[in-house]
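Student: Sharing a structure here in structure tokens format.
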Amino acid sequence: MTTGWTRPADIVAKVRRRWDDGSLLRSYAEGADLIPIEISLRGPRPSDVGDDIQSVREWVAGLDAGARGGKRYDLEWTPIGGRTIGHNRLPTRAAVSSFRQAWALLGVVGEVEAFDEVLALASSHPAARTWVVANPLRGIEIRADMPRLIAAFQWLDENRNSGRYLRQISAPGVDTKFAERHRAVLAAMLGVPSSPGGFISALGLRGKRELVRLRVDPALGLPKPLSEIAVRDDELARIALAPRRVLVVENEITYLSVPVPEGGVVLWGKGFDVDVVGRLPWLSGAEIDYWGDVDTHGFAILSRLRARLPQTTSVMMDRATLLEHRDRWVTEDRPTSAALTQLTPDELALYVELVEGRFGDRVRLEQERIDWPWAIDRLESNSSARTKLTELETSGMTSVFGR
């Protein structure tokens, strides 16, 4: 008969949910009185009392003891008829009517004191205090670091658009590693993106320049005996290179292994760093081939590169290549399902099939797993096709290709 009757632990669980989602501490931080949390009690019906009066008495005693004389919650009693129990009444509702009761019930007095300390530290910085109120449990968790976090926040806020490096931060007790470790919190306080590049850029600080690696056909005039260079992206953009063909690849060993196109270069794209490649102005007049992994992120990178360089053609990112290497598939860790607007119909169809798991769960064919003779054959075929197209365009016969 006692199954399903409300116990003190059930009352704790109901209030605990308000603690876990942060709403109790947010209300407390606003300085308002607690809106009472009321819990209807499931217990014996009056007609049940006579069946097992001892169980009823134990249930009532347990709830009464859990209230600790009103220190943890108050009980609302309702008179009952029939056989007597105590003063002819049963508890039907529990109410937590103050923050003091809530903290005692949950056993979180120490955590609340820590929250008070964090609020006090952030009190002079509205944006920092807003973050603490929005993320009270996280604020308690990192309370030991909060003095330095506030100092870092203040320095970064005062040095917006200074063009300084993060390494030059001079807030008390703060170094670069501390700022990087707490970048997500600082970004939220400062209202900027939390990604490494976005954080630096949005604050107007100076970021580390990217080095772009490329292998170059000697015909383009590099000083002998150089065949490969790694150059800062801003400086590479000012070099007067004029390659006819460019192959962008993602895997480093593949980048080192593939033949350099005649009159062209091979660029190491390094995943989503391909945006750096896409900003090189001398690529706008070149024929661009992109060879990435056959997975959802590979197509996402292709879409981003093509947004900057519309003439980009994909190589070995097709159904035939994928199915030919079925025994070499692996599992993509965190696939994307983003809408990609820069894919051709065939590329988009394959991307959708990968997203929907048509070939299996999170199928991925990494670039470096493709059979090397297969890869070289496709690269040579693609090069031959481009050569023929160039010859036809030169002779005015482009209508054969519908251009």
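Residue by residue, here is whether (1) outside the structural domain of residue 250 (by TED's automatic domain parsing); (2) surrounded by fewer than 17 Cβ atoms within 10 Å (Cβ to Cβ); (3) modelled with pLDDT of 95 or more; (4) more than 30 Å from residue 279 (Cα to Cα) holds:
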| site | (1), (2), (3), (4) |
| --- | --- |
| 325 | no, no, yes, yes |
| 328 | no, yes, yes, yes |
| 333 | no, yes, no, no |
| 340 | no, no, yes, no |
| 347 | no, no, yes, no |
| 358 | no, yes, yes, yes |
| 365 | no, no, yes, no |
| 374 | no, yes, no, yes |
| 381 | no, yes, no, no |
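Student: Identify all residues within region 334-358 that are in contact with a helix residue (DSSP H, G or I) (Cβ under 9 Å, 6 or more places away or on another chain) and either part of a helix (DSSP H, G or I) or of a type in the set (Asp, Glu) (or both); write none if there are none.
Tutor: Selection gives 346, 347, 348, 349, 350, 351, 353, 354, 355.
Student: Does any residue of region 257-271 turn out to be within 24 Å of residue 304 (Cα to Cα), surrounded by fewer than 17 Cβ atoms within 10 Å (Cβ to Cβ) and more than 25 Å from the chain's Cα centre (by Cα)?
Tutor: First pass over region 257-271, keeping only residues within 24 Å of residue 304 (Cα to Cα): 258, 260-261, 264-271.
Filter once more, keeping what is surrounded by fewer than 17 Cβ atoms within 10 Å (Cβ to Cβ): 271.
Filter again for more than 25 Å from the chain's Cα centre (by Cα), leaving none.
The answer is no, given that none of the residues of region 257-271 is within 24 Å of residue 304 (Cα to Cα), surrounded by fewer than 17 Cβ atoms within 10 Å (Cβ to Cβ) and more than 25 Å from the chain's Cα centre (by Cα).
Student: Separate question: Residue 219 is checked against (1) touching a strand residue (DSSP E or B) at 6+ places or on another chain (Cβ under 6 Å); (2) loosely packed, with under 15 Cβ neighbours inside 10 Å and fails just one. What number does that condition carry?
Tutor: The failed condition is (1).
Student: Looking at region 194-217, which of the residues that are closer than 28 Å to residue 241 by Cβ and of a type in the set (Gly, Ala, Ser) is nearest to the chain's Cα centre (by Cα)?
Tutor: Taking the candidates together, the pick is 197.
Student: Let me ask something else about it. Assess whether residue 322 counts as being of a type in the set (A, V, I, L, M), in contact (Cβ under 8 Å) with a residue 24 or more places away in the chain and over 16 Å from residue 359 (Cα atoms).
Tutor: Working: of a type in the set (A, V, I, L, M): yes; in contact (Cβ under 8 Å) with a residue 24 or more places away in the chain: yes; over 16 Å from residue 359 (Cα atoms): no.
No, not satisfied.
Student: Would you please name the residue that is surrounded by the most Cβ atoms within 10 Å (Cβ to Cβ), looking only at residues in region 128-183 that are of a type in the set (A, V, I, L, M) and touching a Ser or Thr at 6+ places or on another chain (Cβ under 7 Å)? Break it down into steps so the answer makes sense when it comes.
Tutor: Of all residues in region 128-183, those of a type in the set (A, V, I, L, M) come to 128, 132-134, 137, 140, 142, 144, 146, 149-152, 156, 166, 169, 171, 174, 179.
Now restrict to residues that are touching a Ser or Thr at 6+ places or on another chain (Cβ under 7 Å): 166, 169.
On the way: 166: 21, 169: 18.
In this case the residue turns out to be 166.
Student: Out of the residues in region 55-90 that are surrounded by 12 or more Cβ atoms within 10 Å (Cβ to Cβ), small (Gly, Ala, Ser) and not in a loop (DSSP other than H, G, I, E, B), which is modelled with the lowest pLDDT?
Tutor: Taking the candidates together, the pick is 55.
The values are calculated or read from the model by the stated rules, or taken from the named source; none is laboratory data. Quick caveat, the model's predicted, so the values are computed rather than measured. Glycine also receives a Cβ, built like all others from the backbone with ideal geometry; neighbour counts cover every protein chain displayed.
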